[in-house]
Amino acid sequence: MKRQARRDTDPEMAVRRLLYRSGIRYRLQRRVPGMQRRTIDIAFPGARVAVFIDGCFWHGCPRHATHPKANAEWWRQKLDRNMSRDQETTEHLTEAGWTVLRFWEHEEPAAVTERITEAVSNARARRRQGSSGMA
């Protein structure tokens, strides 16, 4: 499992390239506030948008997940814990006021980038409206 990429995966790199070309800047592997050993794949801290690009196998994609036959019980527990941890992280960030976007590795990078761009611009607009009313 050590050889398994945790960051800079092909799907993540494809989305990051498109975001960068669009002029949208981001932070990588940002720690989840208040949670140890959890990181956001692509973060927009000012807009409070967290993006996760989840692998189909490791995060239990309903369309593409496979279930190993060797040591099946151990793998089932491992993958269930991964999905539970994903849900816990999403809930924690949402409660802290973040917009959380989760995508599967098989999703089209252009469509993912479009949804991220829209969410970031909406979040920035909301934050501007909220701060302009305070004087």
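Throughout, read-outs are computed from the coordinates displayed, never taken from laboratory work. For clarity, every value in this text was computed on a predicted model and none was experimentally measured. Cβ: placed from backbone, ideal geometry, glycine included. Neighbour counts: every protein chain shown.
Tabulated results
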item	result
Amide H within-cut-off set for Thr39, under 5 Å, with H built and near neighbours excluded	Val32
Mean Cα-pair separation over length for the chain, i.e. relative contact order, pairs under 8 Å, 6 or more apart, %	27
Ascending count of other beta-carbon atoms within 10 Å, so fewest first, for Arg48, Arg76, Arg37, Arg30	Arg37, Arg76, Arg30, Arg48
Value at 222 nm in deg cm²/dmol, rounded to 500, when DSSP H runs of n ≥ 4 in the chain each add -39,500 (n - 2.57)	-15500 deg cm²/dmol
Extreme residue, positive dipole direction of the stretch 1-85, given options Met13, Gly55, Phe44 (C-beta unit charges)	Phe44
Segment Arg81-Ala110, extension gain: residue separation times 0.36 nm, minus the distance between their alpha carbons	7.4 nm
Note, ³J(HN,Hα) from phi for the stretch 76-86, Karplus 6.51, -1.76, 1.60, rounded to Hz, x at Gly and Pro	4, 5, 4, 5, 4, 5, 4, 5, 5, 5, 4
Ranked list, fewest to most other Cβ atoms within 10 Å of each Cβ, for Asp54, Asp10, Asp86	Asp10, Asp86, Asp54
Table column - 3J(HN,Hα) (Hz), the stretch 11-28, Karplus curve with 6.51, -1.76, 1.60, x for Gly and Pro	x, 5, 5, 4, 5, 4, 4, 5, 4, 5, 4, 7, x, 9, 9, 8, 10, 10
Degrees, to the nearest 10: 109-132 long Cα axis against longest axis of the chain	40
Gln129-Cys56 pseudo-label distance in nm [points 7 Å out on the Cα-to-Cβ vector]	3.8
Charge dipole (debye, nearest 20) of the stretch 10-128; +1 at Cβ of Lys and Arg, -1 at Cβ of Asp and Glu	560
Relative exposure of Phe57, Phe44, judged by other C-beta atoms within 10 Å (fewest first)	Phe57, Phe44
Inter-label distance for Asn122 and Glu91, nm, one decimal - labels placed 7 Å from Cα along Cα-to-Cβ	2.3
